[in-house]
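Okay, structure first, notes after.
No value in this document is a laboratory result; all are computed from the given coordinates. Keep in mind it's a predicted model, so treat the numbers as computed, not measured. For neighbour counting, all protein chains shown are included, and Cβ atoms are generated from backbone atoms with ideal geometry for every residue, glycine included.
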Amino acid sequence: MGSLLNTMPERHFVKYTFLKLDPAWRRLDPDERVQHKREFMSACEDFASERLLRAFSLVGTRGDADLMLLAQATNLEPIHKLHVVLAQSGLMHLCQTPYSYLAMTKASEYSDESRLEVRPAHGKYLFVYPFVKTRDWYRVPPDERWKIMQEHIKVGREYPQIDLNTSYSFGLDDQEFVVAFETDDPAAFLDLVQRLRSTDASAYTKRDTPTFTCVSMSVERALNALDGSALPVAV
Amino acid sequence: MGSLLNTMPERHFVKYTFLKLDPAWRRLDPDERVQHKREFMSACEDFASERLLRAFSLVGTRGDADLMLLAQATNLEPIHKLHVVLAQSGLMHLCQTPYSYLAMTKASEYSDESRLEVRPAHGKYLFVYPFVKTRDWYRVPPDERWKIMQEHIKVGREYPQIDLNTSYSFGLDDQEFVVAFETDDPAAFLDLVQRLRSTDASAYTKRDTPTFTCVSMSVERALNALDGSALPVAV
Amino acid sequence: MGSLLNTMPERHFVKYTFLKLDPAWRRLDPDERVQHKREFMSACEDFASERLLRAFSLVGTRGDADLMLLAQATNLEPIHKLHVVLAQSGLMHLCQTPYSYLAMTKASEYSDESRLEVRPAHGKYLFVYPFVKTRDWYRVPPDERWKIMQEHIKVGREYPQIDLNTSYSFGLDDQEFVVAFETDDPAAFLDLVQRLRSTDASAYTKRDTPTFTCVSMSVERALNALDGSALPVAV
Amino acid sequence: MGSLLNTMPERHFVKYTFLKLDPAWRRLDPDERVQHKREFMSACEDFASERLLRAFSLVGTRGDADLMLLAQATNLEPIHKLHVVLAQSGLMHLCQTPYSYLAMTKASEYSDESRLEVRPAHGKYLFVYPFVKTRDWYRVPPDERWKIMQEHIKVGREYPQIDLNTSYSFGLDDQEFVVAFETDDPAAFLDLVQRLRSTDASAYTKRDTPTFTCVSMSVERALNALDGSALPVAV
Amino acid sequence: MGSLLNTMPERHFVKYTFLKLDPAWRRLDPDERVQHKREFMSACEDFASERLLRAFSLVGTRGDADLMLLAQATNLEPIHKLHVVLAQSGLMHLCQTPYSYLAMTKASEYSDESRLEVRPAHGKYLFVYPFVKTRDWYRVPPDERWKIMQEHIKVGREYPQIDLNTSYSFGLDDQEFVVAFETDDPAAFLDLVQRLRSTDASAYTKRDTPTFTCVSMSVERALNALDGSALPVAV
């Protein structure tokens, strides 16, 4: 458990930023779109040079978001600055942010496997949702809660190809947790989630939507999916 | 039941994409609208050459959507690509996506008749809604759930002119299921749904809206319903 | 009761379409507005030549809708076509459809007085709302439901100046019913609705909003209320 | 009680119209803004020449509304006409109506002090909210309801500097009541509302939001608060 | 307790105004943006010359708000006037106000430490949320409520680096309270909020969202974060 760690690894802020393009952007001429993408990529590269940043496309999986950035840092300042610089890119001048989740990593009270960092990309899909438990959950005695969570974790372990990353948002944002599952196998993930509905833990779910199917790719490929045009090779 | 299948037919992704036109599109000159429709049709034809794609009009049945595309594929890549290419069409530059549902087919635990593919068009109307059951449902013992579902299925069988297709969204999207009924007889379907309200299964419904009445037609006819103009015959 | 009818009158589709004008329309020059209204009226007249179409103004009674069309037909095709043609009018190019209800008439199981058609205009006001009952309602034994409804109907009969028209939306749209009361006496209607709150039936209401106060008038007068300008007499 | 009145004073319609300016209006040149305000004032003056109309500013108290008009008439026709004429003013061409409440006055069954008319301005602030009671309220026996309301009224009487005006919306609009408190002393009003939370009546509240703090002023001053410019004295 | 104060310090209005920039503002030329920021700063400085005004950036912590102003005054007039003058700035012509909370300070019935004024800036982060308790809370006997609150306060005191400021909105706005926590240590605050979920008080929470992570800074720095450009030094 977290309290047994004696090296005190640092907790990280994790920011999920979902973008939805104004269709007007696609009407701009190609050179301008190339310029806008380069500005956006440049902001991402500055941040990613020392920290984790991952990109995902939601084109074809959601109607209300096109691209998601996951940024991680040990304090809020670089995350604030990343978004200040992103906002200067031409792309963000024709873009909305329909969803945004701020969270922190934290040692889990139920599992030794919890991580204090999001891992670099290792799966084709990331399934993300904000999560709120019912207040009744917090009135269950701790040892009973522990037992309920062990059942939940045990079912999860039957799907070793699926990796879970939970971060915490209490007081920082509207949800309590941001849950992110990573896998190459969406069908197995669907089956796992359906099975978890019958666990005792499931009865204490207050909200677990919206649920985003995010396709992992480089920032450049996620940008190219916005207008179907590959960036020309820089000379 | 699904587990008895020994040929392991492949599961499919099913994507429902609902479009709402910006009224400004109708103010464009006719040649431009023709061009935009051709671009949209071309994206659909590429996808449909090897996979199932169906189109529906919602003009006159809903106020918040005009056209729906149902696309099916054995993996997410072609569905992602279809939406990348659609987004390049002039039509999508003046279009919103107010609703979008991602799901997968799956063998049913309650019925042998479930299919792992959506069938090609065979009815005039498709009635679609996202479906979420209450968490209490998942706490009912399996054999009692099975009995409850048999009653539900039995009522459905009294309406042989109505065909049901259920797909699964657990973990992939906000709903648990996407339910689609296909028929030529809306009055019979209305009567069926009203009768099902009195079954035990109905008490476990948490959400079954929005409910869309979709009129089946070719992509071309669905596009023509947007501005009331038939495409000129290509020469 | 419906099952006693031996002449099998035809059931009708009923479509309620609520429109909200973009304020930009009012900035157009007067000739253009006249042209737009004529196009809109022409679409209505085509439909109304063989079927029922009624118009209502909501200017001054709602903030989110200005005009409502009630269209009735024995099948969906002419209703689809009406909205295709309406969409071509200049007015609809600067108009949203914030609310839209699709329903069908049906013989009532509780009253012999139910109609399978909406009547032509005979009252100054129409009060419309989408209606959803709680699922508990459908678990009440049929004869108890019948008794509860008789009490409800009996209170209604004390207000003979108020006429009720219920249509059914199960499976076709988000609500279960569309309820429309017609009267010249809004104060009596308000008193009736307040009294009905104490009936047993009222406890089974899940949703009965939004509630629209609609002022009955000709299509032409409802259009003129949008910009305060009477159409010039056609020469 | 209402039924004891033998002079049958007339009931009034009361309309609350909340306006939110499009920021683009503030970018217009000053002469145009002066013209738009005059048109708006003229519509108000026509109505107010024979009926009650009051204006309130919400600049600084709400983010989603800037100005509220309260209009009262014995029938709907002049209220419909007021909004037709207002819509012709340049101001309304760059304005939304985010909230709108239609109600009627009615003799209270709980108090002799109820009024069938809204009084002319006599307080600096009006606190307005739409009000819906739980359906359980309507199942409480009448004499118990009466006792519960007397407790509620008694607490209110300890704050004589606060004046209450309740109007009724059953069947006319989405809420059951529109409640309006008028006072010069917002701190006392806040304390009263907090105290009322502990009365039995409070447990039967289903919805009492949004809650608007409205600053009473002339139409002209409320318009001037929109762009910070006083109207020039007419010559 | 408040009632023991014999010096009667004055209660204050507290206004939280959240702004979301239209991306179009960032497309303006730099000189215009400089001018718009100066106008905005000037309005803030006028108010702040005699009263408390604090600024916060939400860039990078929320997707639906960019900047928050907290303004405090002993009556509503200067708050109304502040927003009238702000609205005249070019910045507000391309800005929405997605959230707005009006509240008053008040002596707490549970703690001697409550303040009748918001303190000047002393922490790097402010965590703000509107708060509504369940109606059941108000039916708990006063002495039991007092005990429940003491447990809540006691947990809070274990985090001395976190400062709490509660203001009251009963009857003035949609929420009952506006809760603001100030600290330099977000991780500790997250842990505190998670711990408070298990207190008895937590079970009486009806709504505590949206929850805003606000980064404290000068008005000038918060404005510069909108376009990433520092204001040139005035000459």
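Hey, which of these cross-link pairs are over 29 Å Cα-Cα: C:Lys37/C:Lys106; A:Lys124/B:Lys15; B:Lys133/C:Lys154?
Over 29 Å Cα-Cα: C:Lys37/C:Lys106; B:Lys133/C:Lys154.
Could you please rank C:Met149, C:Met41, C:Met104, placing first whichever residue has the fewest other Cβ atoms within 10 Å of its Cβ?
C:Met149, C:Met41, C:Met104
Specify whether the C-alpha gyration tensor of the protein assembly as shown places it in the rounded, prolate or oblate class, a ≥ b ≥ c being the square roots of the eigenvalues: rounded for a/c under 1.5, otherwise prolate if a/b is larger than b/c and oblate if not. If you can, show how the numbers build up before the last one.
Details: a/c = 1.21, a/b = 1.00, b/c = 1.21.
Since a/c stays below 1.5, the shape of the protein assembly as shown is classed as rounded.
Collect residues whose amide H, placed 1.01 Å from N in the peptide plane, falls under 5 Å from the amide H of D:Arg11; neighbours closer than 5 in sequence don't count.
none
Size of the dipole of chain D about the Cα centre, Lys and Arg at +1 and Asp and Glu at -1 on the beta carbon, nothing else charged, in debye to 20?
Computed charge dipole of chain D: roughly 320 debye.
Using Cβ contacts closer than 10 Å as the measure, can you line up E:Val193, E:Val233, B:Val155, C:Val179 from fewest to most?
Working: E:Val193 23, E:Val233 5, B:Val155 15, C:Val179 19.
The most exposed by this proxy come first: E:Val233, B:Val155, C:Val179, E:Val193.
Of the options E:Cys44, E:His83, E:Gly63, report the single residue whose Cα projects farthest towards the positive end of the charge dipole of the stretch E:1-143 (beta-carbon charges: Lys, Arg +1; Asp, Glu -1).
Of the options given, the answer is E:Gly63.
Rank the residues D:Phe40, D:Phe131, A:Phe18 as a footprinting-exposure proxy: fewest other Cβ atoms within 10 Å of their Cβ go first. Walk me through the numbers before you get to the answer.
Values: D:Phe40 27, D:Phe131 16, A:Phe18 24.
Placing the least packed residue first, the sequence is D:Phe131, A:Phe18, D:Phe40.
With unit charges on the beta carbon (Lys/Arg positive, Asp/Glu negative), name the residue among C:Pro141, C:Leu172, C:Phe212 whose Cα is farthest towards the positive pole of the charge dipole of chain C.
C:Pro141
Do any GluC sites (Glu not before Pro) in the stretch A:79-128 lie in a loop, going by DSSP, with at most 13 other beta-carbon atoms within 10 Å of their beta carbon, and if so which? Mind showing how you got there, number by number?
On the way: sites: A:Glu109, A:Glu113, A:Glu117; in loops: A:Glu109, A:Glu113, A:Glu117.
When the GluC sites (Glu not before Pro) of the stretch A:79-128 are filtered for loop state and at most 13 Cβ neighbours within 10 Å, A:Glu113 remain.
With an 8 Å cut-off on Cα pairs and a minimum separation of 6 or more residues, tell me the relative contact order of chain C in percent.
Relative contact order of chain C: 28 percent.
Sorted from shortest, what are the nm distances separating the label point of E:Glu50 from equivalent points in the other copies, each placed 7 Å from Cα along Cα to C-beta?
Output for E:Glu50: 4.6, 4.6, 7.5, 7.5 nm, nearest copy listed first.
Along the stretch B:132-139, what does the Karplus equation 6.51 cos²θ - 1.76 cosθ + 1.60 (θ = phi - 60°) give for ³J(HN,Hα), rounded to whole Hz, x for Gly and Pro?
In residue order, the calculated couplings are 10, 8, 5, 5, 4, 3, 7, 9 Hz.
I'd like the Karplus ³J(HN,Hα) series for the stretch E:212-227: coefficients 6.51, -1.76, 1.60, θ = phi - 60°, whole numbers in Hz, and an x wherever there's a Gly or Pro.
10, 8, 10, 8, 6, 6, 5, 3, 4, 5, 5, 6, 5, 5, 6, 10
Rounded to the nearest 20 debye, what is the charge dipole size of the protein assembly as shown about its Cα centre when +1 sits on each Lys and Arg Cβ and -1 on each Asp and Glu Cβ?
Roughly 840 debye for the protein assembly as shown.
Long-range amide H contacts for D:Cys95: which residues qualify at under 5 Å (H placed 1.01 Å from N, peptide plane, sequence gap of 5 or more or a different chain)?
For D:Cys95, the qualifying residues are D:Asp22.
Tell me the label-point distance for the pair D:Glu32, C:Thr209, using the 7 Å Cα-to-Cβ offset, in nm and rounded to one decimal.
3.7 nm
Could you please state, rounded to a whole Å, how far the C-alpha centre of the stretch A:17-50 is from the C-alpha centre of the stretch E:188-210?
Going from one Cα centre to the other spans 39 Å.
Quick one: with label points 7 Å out along Cα→Cβ, list the inter-copy distances for B:Gln35 in nm, shortest first?
Sorted ascending, the copy-to-copy spacings read 2.3, 2.3, 3.7, 3.7 nm.
Could you tell me the calculated FRET efficiency between B:Asp112 and C:Val132, based on Cβ-Cβ distance and R0 = 56 angstrom, to the nearest 0.05?
Working from the Cβ atoms, E equals 0.95.
At E:Ile153, with labels set 7 Å past Cα in the Cβ direction, how many nm apart are the copies from this one, shortest first?
From this label point to the equivalent ones elsewhere in the assembly: 3.8, 3.8, 6.2, 6.2 nm.
Would you please state which residues of the stretch E:169-210 a label at E:Lys147 would reach in this model, taking the label point 7 Å out along Cα→Cβ and a backbone N cut-off of under 15 Å?
Output list for this probe position: E:200-201.
When the gyration tensor of chain C is built from Cα positions, what are the square roots of 5 times its three eigenvalues, in whole Å, from largest to smallest?
After scaling each eigenvalue by five and taking roots: 34, 19, 16 Å.
So who's got an amide H within less than 5 Å of the one on D:Thr205, skipping anything under 5 residues away but keeping other chains? H placed 1.01 Å off N, in plane.
D:Thr134
Relative contact order for the stretch E:45-97 using alpha-carbon pairs under 8 Å, separation at least 6, rounded to a whole percent?
26 percent
When 1/r is averaged over all different Cα pairs and the result inverted, which Kirkwood radius in Å belongs to the stretch A:65-110?
12.7 Å
Percent relative contact order of the stretch E:110-203, based on C-alpha pairs within less than 8 angstrom and at least six residues apart?
Working: 103 pairs, mean separation 35.3, N = 94.
The value is 38 percent.
Just the number: Rg to Rh for the stretch A:10-112, Cα atoms, Kirkwood Rh, two decimals. Could the numbers behind the result be given before it?
Numbers: Rg = 15.1 Å, Rh = 14.7 Å.
Dividing the radius of gyration by the Kirkwood radius yields 1.02.
How large is the direction-averaged shadow of the alpha-carbon convex hull of the stretch C:18-60, in nm²?
For the stretch C:18-60, averaging the hull's shadow over all directions gives 3.7 nm².
Convert each backbone phi in the stretch B:9-17 into a coupling constant with the Karplus relation 6.51 cos²θ - 1.76 cosθ + 1.60 (shift: θ = phi - 60°), then list the ³J(HN,Hα) values in order as whole Hz, x for Gly and Pro.
3J(HN,Hα) across the stretch B:9-17, in whole Hz: x, 7, 7, 10, 7, 10, 10, 9, 10.
Using alpha carbons only, how many degrees (0 to 90, rounded to 10) separate the axis of helix C:30-48 from the longest principal axis of chain C?
Helix C:30-48 and the main axis of chain C meet at about 40 degrees.
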